[in-house]
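Note sheet for the following structure.
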Amino acid sequence: MTKRPIEPTRRLRHLAPLLLCALLAAPLAAVAQPQEGVSVGRNSAFTQLVPAENVERSAVQNYQQMLQQAAAKNALAPADSAQVKRLRGIAQRLIPFAIPWNERAKQWQWEVNLIGSPQINAFCMPGGKIAFYSGILKTLQLSDDEVAMVMGHEIAHALREHARERMGKNAATGIGASVITQLFGLGQIGQTVTNYGAQLLTLEFSRSDESEADLVGMELAARAGFDPRAGVTLWQKMGAANKNAPPQSLSTHPSGNTRIADIEANLAKVMPLYERAKKAR
């Protein structure tokens, strides 16, 4: 009995997992991370499935739309507001220490804005687009050290490219039979960035992403001369404000107690950086 030749589509379907594994197994470019402080390894290989430029371009567009919407509702704090000046001053101290974690940070046009909203939240989109909601400052009554821990955490998400990683994973699950043309022609990848670009504000990070951002953010704050022990008081305040939060087993975020324990376990790695920075100021 003569065997029928494998159809091209079926052949690509068989090759897809192998090509994807080969791509993800390829060594990433070395990142010059600090010799002192915390260690969290390289950025995820899944980030390589989505061009950084596309993600950052989408982030800029979404950030500007968000600011326009806030301004239309008179919810965008003016540049001469005391809280905006405070946030931007803290950011100016943190940003110089971001580059060792991600070389692209040199090119980012950093922005910091404050939006009037009761939400206890803040974020840093890819490309260094930072926003705080007034609710997190008012409800938690954050000190400068605590603000630096929040901001450092959010900046760390951008530096570690967690949004790009999530997009890459989503792209990987949808590659399928046309993986060759999609990978090398960027068909699926471009579509993924388009589809998820509008969702940059709502992408869910994993527990490991959150824990990683806590540690990197703590180091950024320490190097900038902010007390990393403020991470403990920050999460105590967060815990009090979120008493009805689901248990860790049902949440995408680590529990407040877990985060406090991780911070305390790593304080010895960053306290010398803080003490040195404090003396230099």
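For this structure, a couple of remarks:
- Of the residues making up region 28-87, those that are among the acidic types (Asp, Glu) and either at pLDDT 85 or above or farther than 28 Å from Glu212 by Cα (or both) are Glu56, Asp80.
Per-residue answers, yes or no, for (1) crowded, with 24+ Cβ neighbours inside 10 Å; (2) modelled with pLDDT under 60:
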| position | (1), (2) |
| --- | --- |
| Ala148 | yes, no |
| Ala156 | yes, no |
| Gly168 | no, no |
| Ser178 | no, yes |
| Thr181 | no, yes |
| Arg207 | no, no |
| Ala222 | yes, no |
| Gly239 | no, no |
| Asp262 | no, no |
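- Flag not set for Asn74, criterion: of a type outside the set (Val, Ile, Thr) and either surrounded by 12 or more Cβ atoms within 10 Å (Cβ to Cβ) or assigned to a helix (DSSP H, G or I) (or both).
- When residues of region 86-117 are limited to those that are surrounded by 15 or more Cβ atoms within 10 Å (Cβ to Cβ) and of a type in the set (D, E, K, R), the one nearest to His162 (Cα to Cα): Arg104
- Single residue of region 241-252 satisfying the filter (part of a helix (DSSP H, G or I) and open to solvent by less than 80 Å² (accessible area, probe 1.4 Å)) that is modelled with the lowest pLDDT: Gln248
The values are calculated or read from the model by the stated rules, or taken from the named source; none is laboratory data. Predicted, not measured: the structure shown is a model, and the values here were computed from it. Note that each Cβ is placed from the backbone with ideal geometry, even for glycine, and that neighbours are counted across all protein chains shown. Accessible surface is based on the protein model in full, side chains and every heavy atom, while ligands, DNA and RNA are left aside. Shrake-Rupley method; radii C 1.70, N 1.55, O 1.52, S 1.80 Å.
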